[in-house]
Amino acid sequence: NKASVNERSGHGTGGSPAGSALPPGAHTVIYNYNIIKKKMTRKMDMQISWYYYLIMIYIAAVNIFAAAITVHDKNAARRHRWRVPESTLLLTAALSGCVVMYATMHLIHHKTKHPKFMIGIPLIFIAELAAAVLVVVFLCGRV
């Protein structure tokens with residue numbers, strides 16, 4: 001008889017398969033939980049990607065600004081004009097513009113003899129990298 005075959009195999013009744021340690025109906029609950037989990041994961045992936053792009057745009061903008069003010073300061077120094085304050089250069093480096101600023105300074109040979117910049121900017125980068133690692137570890141829940 002067809003009903004008894006379905007009941008023994010667990011198919012069509014919503015119950016558990018024969019020999020399963022789960023109570024009747026548990027497979028349906030697990031199946032529904034997995035569907036909800038997949039939907040939530042997709043939603044979180046969309047949120048993460050949105051934040052990811054926002055962060056990338058911010059970092060790109062700060063780095064473009066860092067390169068621009070470094071080049072401007074070099075040109076102003078050549079022409080004996082108003083200079084960009086060192087605090088502004090260091091603040092821009094601290095706002096995530098340190099890598100491009102450091103590379104630009106070496107490329108145009110600007111402030112390469114100043115320990116404040118040649119040691120300070122790499123230290124800022126190391127501190128930012130350590131902070132980023134801590135944020136990722138904290139968000140992933142691994143300590």
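The values are calculated or read from the model by the stated rules, or taken from the named source; none is laboratory data. Please read all numbers here as calculations on a predicted model, not as lab measurements. Cβ sites come from the backbone with ideal geometry, for glycine too, and all protein chains shown count toward neighbours.
Figure legend. Inter-residue proximity from region 60-82: first residues on the phi < 0 side of the Ramachandran plot and modelled with pLDDT of 95 or more, second residues of a type in the set (Phe, Trp, Tyr) and surrounded by fewer than 18 Cβ atoms within 10 Å (Cβ to Cβ), beta-carbon distance below 7 Å, spacing 6+ or different chains. Indicated pairs: Ala76/Trp82.
Quick check on my filter: what residues within region 65-95 are loosely packed, with under 15 Cβ neighbours inside 10 Å and either of a type in the set (Asp, Glu) or closer than 17 Å to Phe125 by Cβ (or both)? Selection gives Glu86, Leu91.
Quick one: which of Ser20, Ser49 is more than 30 Å from His106 (Cα to Cα), modelled with pLDDT of 65 or more and either of a type in the set (S, T, N, Q) or surrounded by fewer than 10 Cβ atoms within 10 Å (Cβ to Cβ) (or both)?
Numbers: Ser20 fails: modelled with pLDDT of 65 or more.
Answer to the selection: Ser49.
For Val100, the requirement of being surrounded by fewer than 12 Cβ atoms within 10 Å (Cβ to Cβ), hydrophobic (A, V, I, L, M, F, W, C) and within 20 Å of Ile57 (Cβ to Cβ) is not met.
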